[in-house]
Structures are given as C-alpha cells and as structure tokens.
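> Encoded as structure tokens, here's the structure I'll be asking about.
The values are calculated or read from the model by the stated rules, or taken from the named source; none is laboratory data. As the structure is a prediction and not an experimental result, all values here were calculated from the model. Backbone-built Cβ (ideal geometry, glycine too); neighbour counts: all protein chains shown.
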Ligand SMILES: Nc1ncnc2c1ncn2[C@@H]1O[C@H](COP(=O)(O)OP(=O)(O)OP(=O)(O)O)[C@@H](O)[C@H]1O
C-alpha cells in the first residue's frame with residue numbers, strides 16, 4: 001500500500017495559506033514529516049485523517065480515493081491527534097473495550113481478545129485497571145496508540161506524539177510505532193529531528209505549507225558528507241564566524257559555543273570535519289527561510 005498526495009492546498013478563513021500545492025508519495029513503513037511550529041503538519045494530518053477538507057488536490061491510498069470515500073478510509077485508518085481528551089475516571093481496559101465496540105467489534109469474546117492484545121502490545125497490561133487520570137504522559141500516549149490500533153489499521157497517522165515524553169518513554173513509544181510500521185503505512189509528524197533520524201526510512205521537510213525536501217534520511221545525510229565542519233568558539237566571536245562562514249547551527253557547550261558550518265573545503269583554522277547528522281540536513285534545508293538564516297539549538 002502506498003499513499004499518494006497530489007497538489008493538496010489549504011487556505012484557512014482569514015487567509016493563512018497552510019498548505020501550498022503539497023505532493024508526497026508515502027510507501028509502507030515509517031515516514032517522518034518534519035517541520036517547525038506552524039509549518040502545516042497538523043493541517044495535512046487532519047486532511048489525511050478525513051477530519052478536514054482540502055481546497056484542492058487529490059489523495060489516494062492504494063486504489064482508494066481518500067477525499068471521495070472518507071468512510072472507506074476510516075475503516076482502515078488509525079489516528080492519534082496532537083491533543084486528545086481522556087476519560088480520567090475510566091480504566092484503559094474499559095475504555096478500549098468501549099472503543100472496540102464503537103469500531104464494530106460486537107462479539108464479546110473477540111473484543112476481549114483484541115483489548116488484551118492491544119494492552120500487551122502497548123505495555124499497559126499491568127496498569128489496565130488503573131484510572132487513566134493517573135497515567136503518566138508516556139502511558140497516555142501509548143494508550144492513544146492502543147485506541148488508534150483497534151481494527152488493525154493499514155494507515156496510521158500520529159501527530160507530534162513524543163513532545164513531553166521523558167527519554168525512556170520516548171524510546172519505548174518510538175519502538176512501538178516502528179513495530180507497527182513493519183506492516184502498515186505510518187506517518188509521524190514531528191518537530192524533533194531525532195524522532196525521524198532514529199526510525200524513519202523516508203521523510204519530508206515542510207515549512208510554511210511547502211515541501212522543501214523529500215528524501216531518505218540516510219541518503220540526505222550522505223549528500224552533505226565531507227562538507228560539514230565543526231569548531232568550538234568563544235561566544236563573543238560568534239558574530240564574526242557567522243559573517244565569514246555558512247553557519248548551519250550553533251549550540252552552547254559548557255559555556256562556549258559549538259558551531260557547525262557548511263563548506264566544500266576546509267573552512268579555516270580550528271575547524272574539524274564532522275559526521276553529518278539529520279539536524280545538518282534539516283537546518284541547511286531551512287536556512288535562509290528565517291531571519292538570520294542560521295538556527296540555534
Ligand atoms: N483552524 C484554523 N484556522 C485558522 N488558521 C489555522 C487553523 N489551524 C491552523 N491554522 C494556521 O495554519 C498554519 C499551519 O498550522 P498547523 O497547525 O497545520 O501547523 P503545525 O506544523 O502542525 O504546527 P504545530 O507544530 O504548531 O502544531 C499556522 O499558521 C496556523 O496558525
């Protein structure tokens with residue numbers, strides 16, 4: 001199965017052009033949609049999830065015309081929105097059972113099996129009878145995924161799921177998604193570069209409604225190999241370094257500043273060659289689109 005997005009545009013009342021002629025081809029596996037706040041990620045995710053209409057364009061999932069046959073897509077869709085409400089007084093087990101019933105799994109025994117498998121898959125079995133109101137952020141997100149996975153969706157859309165998770169929970173959550181990605185199309189929208197570099201086989205970078213890059217993270221990093229240089233400088237020489245070099249990013253490092261620059265040749269004394277990472281690709285793609293060009297972490 002493959003998701004084909006062709007020339008999708010969306011303008012909100014008030015004139016914000018949230019998506020400008022967006023085209024993407026999304027194969028099975030984990031796909032990262034990376035972009036800063038306000039880039040248009042949630043708008044695209046909501047359109048894909050059939051919750052919002054596009055002004056123009058077409059979307060096909062395999063043979064299915066998504067914009068024409070919303071009901072059919074919903075049968076095979078799992079969606080985890082950026083913010084979702086929980087019923088704080090319910091337990092995971094009861095609420096999953098309820099959602100499974102709503103999704104059409106009417107036979108009690110079958111439902112019980114589905115709920116049990118999802119609780120185990122999302123590692124919530126031991127807390128299945130606890131009230132959701134007492135869950136940690138990571139547990140909540142895993143519960144959200146459990147709900148999204150009811151009915152074995154072949155398309156799973158997850159909107160900024162790792163914001164606010166501690167490192168261990170984040171890894172656990174991403175591993176769970178990656179398991180799902182073995183058999184489905186999983187689209188992960190995020191502003192966290194590491195979410196994409198750690199587990200997506202393909203990605204797109206979006207900013208102000210435009211797709212700036214569509215690539216495999218590994219090939220995109222290979223493209224800049226040999227052209228990324230790093231140097232630790234005194235914070236006060238930052239302005240002159242920025243003037244003289246194509247600075248990709250700056251990062252504070254124990255009271256000093258680590259700069260990464262892009263250059264075809266050795267940029268000068270003190271610079272050493274650096275292994276490219278996806279942040280280099282991201283900031284280089286974004287550079288020039290923000291005032292000052294360079295990005296700070
Ligand atoms: N319902 C709406 N009405 C008007 N403007 C909207 C609406 N929803 C989003 N926007 C605007 O559209 C643009 C894209 O927003 P969107 O939420 O899709 O971006 P995003 O990449 O998901 O950002 P974030 O990470 O902040 O959620 C922004 O400028 C936003 O202010």
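> Does residue 27 satisfy the condition of being more than 8 Å from the ligand (Cβ to nearest atom), under 24 Å from residue 178 (Cα atoms), loosely packed, with under 14 Cβ neighbours inside 10 Å and in contact (Cβ under 8 Å) with a residue 12 or more places away in the chain?
yes
> Moving to a separate point now. From (1) more than 13 Å from the ligand (Cβ to nearest atom); (2) out of contact with any helix residue (DSSP H, G or I) (no Cβ under 7 Å at 6 or more places or on another chain); (3) assigned to a loop (DSSP other than H, G, I, E, B), pick out the condition that doesn't hold for residue 165.
Unmet condition: (2).
> Let me ask another. Give the residues of region 124-170 that are crowded, with 21+ Cβ neighbours inside 10 Å and at positive phi, sorted by residue number.
160
> Now for a separate question. From 152, 123, grab the single residue that is closer than 29 Å to residue 70 by Cα, more than 16 Å from the ligand (Cβ to nearest atom) and outside any helix (DSSP H, G or I). Even if it seems obvious, please write down each step before you answer.
Numbers: 123 fails: closer than 29 Å to residue 70 by Cα.
The unique qualifying residue is 152.
> While we're on this one: Would you check if residue 5 is away from the ligand (no atom under 13 Å from the Cβ), touching a residue at least 24 places away in the same chain (Cβ under 8 Å) and crowded, with 22+ Cβ neighbours inside 10 Å?
yes
> Limited to region 215-235, what total is found for residues that are surrounded by fewer than 13 Cβ atoms within 10 Å (Cβ to Cβ) and in contact with a helix residue (DSSP H, G or I) (Cβ under 7 Å, 6 or more places away or on another chain)?
0
> Would you check if there is a residue in region 198-208 being part of a helix (DSSP H, G or I), in the same structural domain as residue 37 (by TED's automatic domain parsing), touching a strand residue (DSSP E or B) at 6+ places or on another chain (Cβ under 9 Å) and surrounded by fewer than 21 Cβ atoms within 10 Å (Cβ to Cβ)?
Here is the first cut: in region 198-208, the residues part of a helix (DSSP H, G or I) are 198-199.
Narrowing the set further to residues that are in the same structural domain as residue 37 (by TED's automatic domain parsing) leaves 198-199.
Adding the requirement that they be touching a strand residue (DSSP E or B) at 6+ places or on another chain (Cβ under 9 Å) leaves 199.
Keeping just the survivors that are surrounded by fewer than 21 Cβ atoms within 10 Å (Cβ to Cβ) gives 199.
Yes.
> Determine which single condition residue 32 fails, assuming it passes every other condition in (1) within 16 Å of the ligand (Cβ to nearest atom); (2) over 27 Å from residue 182 (Cβ atoms).
Of the numbered conditions (1) within 16 Å of the ligand (Cβ to nearest atom); (2) over 27 Å from residue 182 (Cβ atoms), the odd one out for residue 32 is (2).
Quick grid of which residues meet (1) assigned by TED's automatic domain parsing to the domain that holds residue 102; (2) crowded, with 17+ Cβ neighbours inside 10 Å; (3) within 12 Å of the ligand (Cβ to nearest atom):
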| position | (1), (2), (3) |
| --- | --- |
| 41 | yes, yes, yes |
| 57 | yes, yes, no |
| 70 | yes, no, no |
| 78 | yes, yes, no |
